[in-house]
Each structure stands twice: as C-alpha cells, then as structure tokens.
1. Give me the number: length gained by fully extending Glu75 to Ala52, i.e. 0.36 nm times residue separation minus the C-alpha to C-alpha distance, one decimal in nm.
2. Sorted by accessible area with a 1.4 angstrom probe, largest first, how do Met111, Met4 fall?
3. Distance in nm between label sites at Arg27 and Arg165, each 7 Å beyond Cα in the beta-carbon direction?
4. Could you tell me the calculated FRET efficiency between Arg59 and Ile3, based on Cβ-Cβ distance and R0 = 25 angstrom, to the nearest 0.05?
Amino acid sequence: MTIMRVSAIVPAYNEGPRIAAVLDIVRQSKLVDEILVVDDGSDDDTAAVAAAHGAKVVRMGHNYGKGGAVARGIESTLGDVLLFLDADLVGLTIAHVEDLLVPVLSDDADMTVGIFGDGRPATDLAQAITPWLSGQRAVRRSAFDGLDLGESGFGIEALLTRHARESGMRVVEVKLPKLTQVMKEEKLGPVKGAALRVKMYWDVLKTVVHWD
C-alpha cells in the first residue's frame, strides 16, 4: 500500500490571537506530517506565534488574499494529500482533523469538505446554506494540476468546488460537530468586518458567475 504524506496548510492574515489553538491540535495528529502557515502579509504576530507552535512559516510580502496564500502553500509543501484549515477555528479536535483526512488517505474520496454542525447558529447556518464555501478540506495534490488559484481570493472554495465537479472528483462531506470560527465582525468590529465580508462575497460571486 502506498504511504501518502500529509501537509497541513493554514493561510492566515492577522490571526495571532487565534492561530495557536488550531496548530496545537493539528500537531497532535499522527496523520499529519508537516504543518505550514502562510502568513499573508500580517501586521501582527501571526508568524511568530505560528513558529512558536511548531509550524513552518512562509511570509508573503503583502496581502495577496486567500487564493494567493493557498497557492503559495501548495508550492511550499510536498504532501500527496493537502489538508486546509482556517486559522480562526474554535473547538477543533484531533477527530475533526482525522475525519477530514481518512476518506482521502483510504482512497474513498479525492476531496473532503468539512461542514460545521451543532457549533453555534451563525456559522452552522452559513455552512448549511453554502457548504461548498467551507475552508476545511483534505484534497489530493494532483487535484490542483493546472488549476490557477492566485486570483481567486476568497472565492477559492467555490473554485475548488467547480473544479471538482468539472473533473469528476469524488467528494465526501464530513460533519465537524461542535466546530465554529470567529466571524469577521467579531475580529474587526461591525463596520470593517462587514466590509471584508462584502469583499469575500464579491470574490465568490466572480467565481460562481462562470459556472455553467
């Protein structure tokens, strides 16, 4: 049986207060071989915290957006299977990490998509309505062959979903009970948070309008 190496990639922008809790869980999984944090032009201590908690860190010169950060992460890792996790998760467990990975490692899926459940209403509802926007995924590296992520921004999850459909990938949804994340409005306040959310939806819309 072929042994597949797993690289965990965590894109992060100004997540210094939150990222340690995510990394400390990922480090405990025996299925994960390396952890890479892509610091997407942060002006806080994200990079220092990530390094202190066992991650390899790649620092971007400025804020390229999530798509650019993920693309850099893929270039900077060697894993056959790539695990993507957001840096602001709350309630992450080893079981969540391994439930995302096992279907891909056992060749039952080419990609898993993690869906929040029984966490808190705001984040549960968002994923119930648009599960294809989840940032928690495990994906075979080969799925990214020929796929340009650099300009996708926050639309990267929509792009991956479209690519999976068009290429006939086997996709499995994985329930992630009691998992949630810190919302943009909670990090930045109502005005700046809402502005960033609008940008996120715009990036998603630019991707979705190209769907058949």
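The values are calculated or read from the model by the stated rules, or taken from the named source; none is laboratory data. None of the values given here were measured: they were computed from a predicted structure. Note: ideal-geometry Cβ built from the backbone for every residue, glycine included; neighbour counts use all protein chains shown. Heavy atoms of the whole protein, side chains included, go into the accessibility calculation; ligands, DNA and RNA do not. Shrake-Rupley method; radii C 1.70, N 1.55, O 1.52, S 1.80 Å.
1. On the way: separation 23, 0.36 × 23 = 8.28 nm, distance 2.25 nm.
Fully extending the segment from Glu75 to Ala52 adds 6.0 nm.
2. Working: Met111 0, Met4 40 Å².
Output order, biggest surface exposure first: Met4, Met111.
3. 4.0 nm
4. On the way: r = 31 Å, r/R0 = 1.23.
The formula returns an efficiency of 0.20 here.
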